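The values are calculated or read from the model by the stated rules, or taken from the named source; none is laboratory data. This structure is a prediction, so every number in the text was calculated from the model and none was measured. Cβ sites come from the backbone with ideal geometry, for glycine too, and all protein chains shown count toward neighbours.
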Amino acid sequence: MARYFYHTRTDIPDSLERATGPLYRGSLNKWYVDEIYDVLFVNGLGKGFGSVCAEFDRKVVDGGVNGAGWLTRFSSKVSIWWDTWIVDGAVRFSSFFVKLASYPVCVLQTGRVQAYAFFVVVGVLAFLGYYIAH
């Protein structure tokens with residue numbers, strides 16, 4: 001069909017151009033897609049918009065990421081301090097208090113049956129002495 005229009009009957013494309021006007025010119029120039037793309041993304045708005053996007057990324061997105069990183073490190077330091085001084089401190093204090101309170105019992109608890117029998121006898125004598133005195 002193209003051979004017929006452009007080689008055999010060259011008057012047909014000219015008459016189509018005159019009849020369709022803007023449609024023919026738009027089709028001939030690929031609907032100006034390349035020109036629009038060039039204005040929007042390559043030389044026109046694209047350069048300024050790219051700079052705006054880069055600045056937004058640098059200030060807002062990177063700021064959010066860096067802020068989240070700072071907040072994570074800060075909360076980690078607070079958590080480490082809380083765990084070291086409050087939680088571990090409470091455990092160490094309670095274990096120290098139990099050790100301190102159990103010291104007199106540890107002195108008496110020798111593991112030898114003879115010592116236990118001796119303490120039973122001493123206890124019975126103490127009871128008897130208390131009841132006799134009163």
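Taken over segment 72-128, residues that are in contact with a helix residue (DSSP H, G or I) (Cβ under 9 Å, 6 or more places away or on another chain) and among the small types (Gly, Ala, Ser) amount to 1.
Being assigned to a helix (DSSP H, G or I) and of a type in the set (Gly, Ala, Ser) is the filter; apply it to segment 10-53 and report the residue that is surrounded by the most Cβ atoms within 10 Å (Cβ to Cβ). Let's see the steps before the verdict.
Applying the first criterion (assigned to a helix (DSSP H, G or I)) to segment 10-53 yields 11-20, 22-28, 30-42, 45-53.
Narrowing the set further to residues that are of a type in the set (Gly, Ala, Ser) leaves 15, 19, 26-27, 46, 48, 50-51.
Working: Ser15: 10, Ala19: 9, Gly26: 13, Ser27: 11, Gly46: 15, Gly48: 9, Gly50: 11, Ser51: 10.
Only one residue tops the list, namely Gly46.
Can you pull out every residue in segment 109-119 that is among the hydrophobic types (A, V, I, L, M, F, W, C) and exposed (fewer than 10 other Cβ atoms within 10 Å of the Cβ)? Across segment 109-119, the qualifying residue is only Val113.
Going through Gly63, Gly69 one at a time, which residue ends up being modelled with pLDDT of 95 or more, part of a helix (DSSP H, G or I) and at negative phi? From the options Gly63, Gly69, the qualifying one is Gly69. The set of residues in segment 98-112 that are modelled with pLDDT under 90, of a type outside the set (Ser, Thr, Tyr) and part of a helix (DSSP H, G or I) comprises Pro104, Val105, Cys106, Val107, Leu108. Look at (1) more than 24 Å from the chain's Cα centre (by Cα); (2) modelled with pLDDT of 90 or more and you find that Leu45 fails only one, number (2).
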